[in-house]
Structures are given as C-alpha cells and as structure tokens.
Amino acid sequence: MVRVLHSTAQKILLQLLSEPDSWVSGNDLAKQFNISRESVWKAINSLRKAGNNIVGRKNLGYHFVGNSQLNADIIDFYTHNHFANRLYVEDQVSSTQSIAKAFLSHHLITAPTVFIADHQTAGYGRQGRSFYSPATTGLYFSMILPSPTDRPLEAGLMTTTFAVLIVDVLKQFFPAQDFQYKWVNDIYLDYKKVGGILTEAVVDLESRTTASLVVGIGLNIATKKFPKGLKDKATGIAPADRNLLVSRLIEAIANNYSDYDNPQYLEQYRQGSMILGQKVDLLVNGEVITGIAKKIENDGSLTIVLADGKMKTFNSGEVVKVNFEK
C-alpha cells in the first residue's frame, strides 16, 4: 500500500523532499499539480506553520531544510512507504506502548505497525517504572511485530537483539559516541542512561502461542534537563533529525527482528556490555543479589559469580549499578 495524499500541501512537501539538493520553483509546482501560484504559496505557508523549515528564494523557488516536529508524511517518505498506512504519529499520548496494545486488541496485525509520539504523559518501562518523556527532545515509539512462526520464541534474546539494532543505527547518526548495554534493556552513554527497551508478548489464548510482540523504545536524543531524581542517572545524546532517525530505527527493527536469534547480535551485545567483569547488584523479585557479572549466556540470561564463589544464572531481573568502574 502507498500512503494516501489528501492535500496539496502534502503533495508539495513530498515533492520538495524528493529533491533535497535542488530548488523547486513555484511555477513548476503549480504546473505539476495543476494549481495556481497562489495555491502553492498557501500550501507552503501551511507547511511552515506545521513546523517545516522551507526556505524561499526569488528566481529559485523553495527548498526543504527540515522539520523539528515529528511528521508522518516525512517519516513515511524516508522509509520509502515501507509502512504505508501502518504508521501513526501523535503529538501526545499516555504511552505508545499502551496505545499499541489497545490497537492490537481490535485489529489483526500481519505486518509491523508503528506508533510514535512527541510526548508521553505516562511513559513506562520494565516493572511499570515511569520513563521521562518530554516533548521535542526525545524519541518514543512502539512497534507491533508479528511473532516469527517458523520456530519457538526465545524471549531472552529479543531485547538484546533490539538493543543491538538500535545502537547500530545510533552509531550511524552519532559515530563519535561509545554506546553500551546494561543488561538487559538499557542503553548507556558515558555511564548514564540514554535509552530503554520494553518487550511484551501478546499470547493467542486458543493456541497458547505468542501471536505478536509489542516493543517499546524510549530514547533521550537532545534532552538536557531531567527531573531531580534522574539528572545524575540519565543524559541526552545530541540534536538530530528525529524524523530521519526514527525512520531508520523502525526500518532496522522491521527488517531484522525475525532473525533475532542470529548469534552475531548476541556477540555484539556482549562486546558492548558495560557490566561484564563488574560487581553488580541484581534485583530479582524484590531481592538484591550481589556478585560479579561473569557471562551473558546463549539464551540472553546473565550468569554472576556470588560472594561464595558459586555461579548462578538469571533469566530475569534488573541490574542496579550506581557507581560503575570507569
């Protein structure tokens, strides 16, 4: 399917996007869409009011520079209509994860479907913990992914693979940054959290198999100010074109998630781990277990060496580490 263009403004925006290195004259736009020059001017003004930075030059025409706001048409263009009418962008929601799960309860999903928000009022991560989601500076999105059906699902590897796919894209945009993983669902930069991942399975009650996955991702892109309890624990990365960045992220996940158990992803995760060889506190069912993080197993679980020298493996829990050795 191809995204339906309803307005002249949408058509003009996509035409400007398709010629990123050129100036597009108002006369050419008027002829192409069989409208008046005044209609072109009105459409350009409408696009500017929607946050699009469109430069106009006499005798040259118009040139698209960017949009600081999240825009479904721009994201769709950058993904080459990969998601067609399966892409939803909102200014504000409670949480994209909640919206995605509510959508899934009333729709049959056969292809990756994406929900993106500029601001979340009740964003959450593992254990229902709040995820700070201010407007204009972060990326918050959830994807409904049909579960791979050709083999049993290894849930422990899903989140580690999503983390690797996300960081691979982040490295393309921020090549100077050294991103690391904190088992199992956090992405760190300079020993502070810049991103979190939440993977939830939706079970088909009749077959008792996983029908879909809902993966939620929150990233601090240009966020600088954090609440008092977070300012020493979280940080932003750097300003970026959020429309282009999120398009690359959702493409990477959609194109590769069904191959999530490929060993190369786990090896990348191990190499980028910030906890291996470190003393960690692991919170499991309300109990804190202390030891040295020894190994991330082939199923994604974590093995630690306890104080008595014995090794124990955990497939769930959260690593709590306040003072990382640098």
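The values are calculated or read from the model by the stated rules, or taken from the named source; none is laboratory data. These numbers come from a predicted model, not from an experiment. No Cβ is skipped: glycine too gets one built from the backbone with ideal geometry, and neighbour counts run over all protein chains shown.
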Residues of segment 143-180 that turn out to be part of a helix (DSSP H, G or I) and closer than 25 Å to residue 296 by Cα, as a count:
17
Does segment 169-197 hold any residues that are more than 16 Å from residue 235 (Cα to Cα) and aromatic (Phe, Trp, Tyr), and which are they?
173, 183
On the basis of being among the charged types (D, E, K, R), without any contact (Cβ under 8 Å) to a residue 60 or more places away in the chain and either touching a helix residue (DSSP H, G or I) at 6+ places or on another chain (Cβ under 8 Å) or farther than 27 Å from residue 118 by Cα (or both), does residue 73 make the cut?
no
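Just give me the residues in segment 263-281 being free of Cβ contacts under 8 Å to residues at least 60 places away in the same chain and under 18 Å from residue 163 (Cβ atoms), in sequence order. Walk me through it before giving the result.
Taking segment 263-281 first, the residues free of Cβ contacts under 8 Å to residues at least 60 places away in the same chain are 263-264, 267, 270-271, 276-281.
Those that are free of Cβ contacts under 8 Å to residues at least 60 places away in the same chain and under 18 Å from residue 163 (Cβ atoms): 263, 264, 267, 270, 271, 276, 278, 280.
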Can you report the number of residues in segment 224-246 which are within 20 Å of residue 75 (Cβ to Cβ) and surrounded by 12 or more Cβ atoms within 10 Å (Cβ to Cβ)?
8
Meets criteria (touching a Ser or Thr at 6+ places or on another chain (Cβ under 6 Å), in contact (Cβ under 8 Å) with a residue 60 or more places away in the chain, among the polar types (S, T, N, Q) and closer than 30 Å to residue 146 by Cβ) for residue 301:
yes
Over segment 66-118, the set of residues touching a Lys or Arg at 6+ places or on another chain (Cβ under 8 Å) and assigned to a loop (DSSP other than H, G, I, E, B) is 68, 70, 81, 84, 85, 111, 112
Which numbered condition trips up residue 130, out of (1) buried (at least 19 other Cβ atoms within 10 Å of the Cβ); (2) without any contact (Cβ under 8 Å) to a residue 40 or more places away in the chain; (3) among the hydroxyl-bearing types (Ser, Thr, Tyr)?
(1)
Residue check for residue 290: closer than 30 Å to residue 88 by Cα and hydroxyl-bearing (Ser, Thr, Tyr):
no
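Kindly establish whether residue 212 is over 17 Å from the mean Cα position of the chain (by Cα), under 30 Å from residue 73 (Cβ atoms) and crowded, with 18+ Cβ neighbours inside 10 Å. Walk me through how you get there before you give the answer.
On the way: over 17 Å from the mean Cα position of the chain (by Cα): yes; under 30 Å from residue 73 (Cβ atoms): yes; crowded, with 18+ Cβ neighbours inside 10 Å: yes.
When the stated conditions are applied, residue 212 passes them.
Tell me the residue from 281, 186, 190, 261 that is of a type in the set (Asp, Glu) and under 17 Å from residue 147 (Cβ atoms), please.
When all the criteria are applied, what remains is 261.
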Can you tell me which residue among 43, 117 is within 15 Å of the chain's Cα centre (by Cα) and not charged (D, E, K, R)?
117
In segment 93-112, is there at least one residue being modelled with pLDDT of 90 or more, in contact with an Asp or Glu (Cβ under 9 Å, 6 or more places away or on another chain) and polar (S, T, N, Q)?
yes
